[in-house]
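Read the figures in this text as sums done on the coordinates, not as results from a lab. Being a predicted model, the structure only gives us computed values, none of them experimental. Cβ: placed from backbone, ideal geometry, glycine included. Neighbour counts: every protein chain shown.
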Amino acid sequence: MAITTRQLRGAPESRWIDQVLRRGTDGLIVVLDSLTAAERELLDAGVPCVLLDPVGEPQPGFHMVGATNWQGGLDATLHLVELGHRRIACLGGPPEHWCARARLDGYYAALARNGLPVRPELVRTGLFQEESGYRLMGELLELPDPPTAVFACDDVLAMGAIKAAAEHGLAVPGGLSVVGFDDVPFTQWTARR
């Protein structure tokens, strides 16, 4: 078994691909956000590949193991409904990312399952970054009828949402319930009131 990391985009990739092909590799487990044309050569050369939780669309011809994005969005939103919330916002990731769309679809499904309307003004999309969560949550909290809860499709977005809530004088969870996605370890240090 060989473990390697790919260089940053723009760096020559052919070296590690050539090594994989020369050694007669039995298979690869690949953790990448997307595949380049050079990496697709591995599939064309007959090297079995399994992608782990790709961000983009599932690649034809590749096996994939990933997070339960849709189910996670559904479960997170159902949890907020079970807490009694009816104005539940969603902070989504970049729409071009398959995982972000799947999590948002889970949110929509949870609302539909409980007869709650989709309120377009409560759905915002941005980057999987704290600044994005902060900005988007700030916009939501300025609405005439702001949400009482938010499902953030990423823990880093949730951290930004919590920061915005604090600046608006809202305690989490007392004034605003926030559920994130990913269980990123450093989010355990997020301030709670």
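Listed values, structure above:
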item	result
Rounded to the nearest 20 debye, dipole of segment 116-193 from Cβ charges on Lys, Arg, Asp, Glu	200
Farthest toward positive dipole pole in segment 86-182 [+1 Lys/Arg, -1 Asp/Glu at C-beta], among Ala112, Gly175, Ala158	Ala112
Using a Förster distance of 22 Å, the FRET efficiency for Glu167-Gln129 (Cβ separation, nearest 0.05)	0.80
Largest-first ellipsoid semi-axes for segment 55-193, taking √(5λ) over the Cα gyration tensor eigenvalues, angstrom	24, 17, 13
Inter-centroid distance (Cα atoms) of segment 63-121 relative to segment 167-181, Å	18
Within segment 51-104: Cβ-based charge dipole about Cα centre, in debye rounded to nearest 20 (Lys, Arg +1; Asp, Glu -1)	240
Relative contact order [Cα under 8 Å, 6+ residues apart], segment 55-193, whole percent	24
Listed peptides 155-168, 86-99 by packing density, highest first (mean Cβ within 10 Å)	155-168, 86-99
FRET E, pair Glu142, Asp53, Förster distance 30 Å, beta-carbon r, rounded to 0.05	0.30
